[in-house]
Amino acid sequence: MCEDADSKPIVVAVDTPSGIGVNDGALPGAYIPADVTVMFGAMKPCAMLPPAAFACGRVVVVDFGFDLENMTATVESADASFAGSSLREPLPFDSKYSRGVTGLITGSVKYPGAAVLSTMAAARTNIGMVRYLGPQRAQDLVLQSLPEATIGKGRVESWVVGCGVPAAGEGEQDMQRQAIATLLAHYALHSESRAESISNIDGGDVDYADAGNDDEAMQMPPIVVDAGALDLLPKRVPAQVVITPHAIELARLLSRIDQVTSVEQINEQPLHYAQRAAQLTGATVLLKGALTIVVGPDEEGSMTRTLVVGRAPAMLATAGAGDVLAGMLGALLAQQAQTLLDDPASITEVVAGGAYMHGLAAALASQNTHHAWNHPQIYGAEKSDQRTAAGHPIIATDVIEAIPDAFDVLENIDN
């Protein structure tokens with residue numbers, strides 16, 4: 001017992017804290033949070049998955065020398081190696097086109113700033129060109145901030161849509177929603193899904209006459225679907241469609257395509273609902289959070305591979321950060337276009353690598369060394385320096401400015 005009634009005992013959990021979901025990271029009921037959790041032989045999924053990971057405290061792994069070489073991980077932690085492998089080094093014979101071109105249908109009359117943030121982030125993330133499509137005011141702001149941007153349609157290796165675009169029911173019908181709906185039509189799988197998916201977009205119809213067949217949908221360039229574009233997502237799409245919801249947006253999406261789902265349910269079982277969204281839609285899912293969950297295809301094409309990214313400091317919870325992430329993801333997908341064609345399963349790693357790079361840029365901008373997940377300590381190994389720095393507040397444009405610094409770190413790190 002504690003002599004001081006105001007103090008708390010130090011709780012050491014053996015293997016896992018009591019009451020948590022060991023395999024899915026859920027907190028289904030009463031549980032005992034630990035200051036230190038000692039795991040044996042290998043990490044348990046609950047040490048990496050939210051919200052249970054936050055109940056594990058500092059994790060110490062006792063290595064029993066198990067042969068894990070041929071084991072398939074339930075969940076993996078995305079680290080600098082994922083981010084580094086997502087970067088394509090420019091080659092001497094490259095042109096602006098061969099380095100990758102990202103097209104963006106972002107921003108709107110109501111939210112033009114999202115156009116600036118998404119295009120600036122994409123342009124900074126190692127590609128040759130960005131193309132922007134949007135209303136005149138957003139175009140003017142984009143060109144003022146990024147005179148290198150090209151306005152209008154043309155060749156692209158990836159798309160980013162939805163940042164700053166009003167969701168359904170947010171006032172007047174927006175021109176961006178119509179453009180996005182028409183583009184997403186080409187990603188819809190199965191003719192009956194295409195017909196169903198367009199039936200009630202803002203109370204009007206979208207002409208799907210130009211939409212291709214399933215083979216053409218599979219050959220479309222990768223696309224990041226964010227924010228207001230999520231409710232335009234067709235019923236079924238290929239895995240090169242990347243959706244990037246936070247908990248509120250995922251609840252809205254699942255309630256539309258499956259059954260009524262609350263934000264509280266998603267916060268309690270984020271892995272379950274991220275996997276549910278991937279299985280229902282076929283899209284690669286990035287569920288934003290302090291511990292971001294990415295669910296995408298494995299080598300057999302099943303939508304079961306799961307990676308967790310916990311690199312970002314809490315300072316990244318700021319307006320426009322999601323627009324920056326979407327732009328970065330679009331750029332990384334553009335520069336890896338050939339790799340994605342040769343190995344569709346690699347999209348999961350590219351997306352997780354983009355989330356890591358986003359968090360790293362935020363950490364460098366804020367000079368904040370805190371992040372949501374720390375590598376476990378191996379029992380008996382030399383302890384690493386645990387000193388941390390609180391840093392300072394940042395805004396989304398600070399993250400964009402730090403992207404080149406993140407590149408420097410990733411290019412020089414021993415992966």
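Tabulated results
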read-out	value
Number of the exception - TRP373 against (1) touching a strand residue (DSSP E or B) at 6+ places or on another chain (Cβ under 8 Å); (2) at pLDDT 90 or above; (3) not in a helix (DSSP H, G or I)	(2)
First in segment 6-20 and in a loop (DSSP other than H, G, I, E, B), second anywhere and of a type in the set (Phe, Trp, Tyr), Cβ under 6 Å, 6 or more apart	GLY19/TYR31; ILE20/TYR31
Matching option when the condition is farther than 23 Å from ALA73 by Cβ and surrounded by fewer than 24 Cβ atoms within 10 Å (Cβ to Cβ), among ALA331, ALA326, ALA337	ALA337
Criterion violated by ILE400 - all others in (1) among the hydrophobic types (A, V, I, L, M, F, W, C); (2) closer than 30 Å to PRO238 by Cα; (3) at pLDDT below 70 satisfied	(3)
MET71, sole failed condition from (1) assigned to a loop (DSSP other than H, G, I, E, B); (2) in contact (Cβ under 8 Å) with a residue 40 or more places away in the chain	(2)
Qualifying positions in segment 21-68 - farther than 18 Å from ALA372 by Cα and either free of Cβ contacts under 8 Å to residues at least 12 places away in the same chain or of a type in the set (D, E, K, R) (or both)	GLY29, ALA30, ASP63, GLY65, ASP67
Residue in segment 296-313 that is of a type in the set (A, V, I, L, M), more than 24 Å from CYS46 (Cα to Cα) and buried (at least 21 other Cβ atoms within 10 Å of the Cβ) present	no
Test: PHE64 is more than 17 Å from VAL324 (Cβ to Cβ), at pLDDT 90 or above and aromatic (Phe, Trp, Tyr)	no
Inter-residue pairs, beta-carbon under 8 Å, first in contact (Cβ under 8 Å) with a residue 60 or more places away in the chain and in segment 233-246, second in a loop (DSSP other than H, G, I, E, B) and of a type in the set (D, E, K, R), 6+ apart	THR244/ASP226; THR244/LYS288; HIS246/LYS288
Test result for VAL109, within 30 Å of GLY152 (Cβ to Cβ) and in contact (Cβ under 8 Å) with a residue 12 or more places away in the chain	yes
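A quick yes/no check of all residues on (1) over 20 Å from the mean Cα position of the chain (by Cα); (2) polar (S, T, N, Q); (3) on the phi > 0 side of the Ramachandran plot:
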{"position": "MET71", "(1), (2), (3)": "yes, no, no"}
{"position": "GLU76", "(1), (2), (3)": "no, no, no"}
{"position": "LEU87", "(1), (2), (3)": "no, no, no"}
{"position": "ASP94", "(1), (2), (3)": "yes, no, no"}
{"position": "SER98", "(1), (2), (3)": "yes, yes, no"}
{"position": "ILE105", "(1), (2), (3)": "no, no, no"}
{"position": "GLY128", "(1), (2), (3)": "yes, no, no"}
{"position": "ARG131", "(1), (2), (3)": "yes, no, no"}
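The values are calculated or read from the model by the stated rules, or taken from the named source; none is laboratory data. Computed from a predicted structure; not experimentally measured. Because the Cβ atoms are built from the backbone with ideal geometry, glycine has one as well, and the counts that use them run over all protein chains shown.
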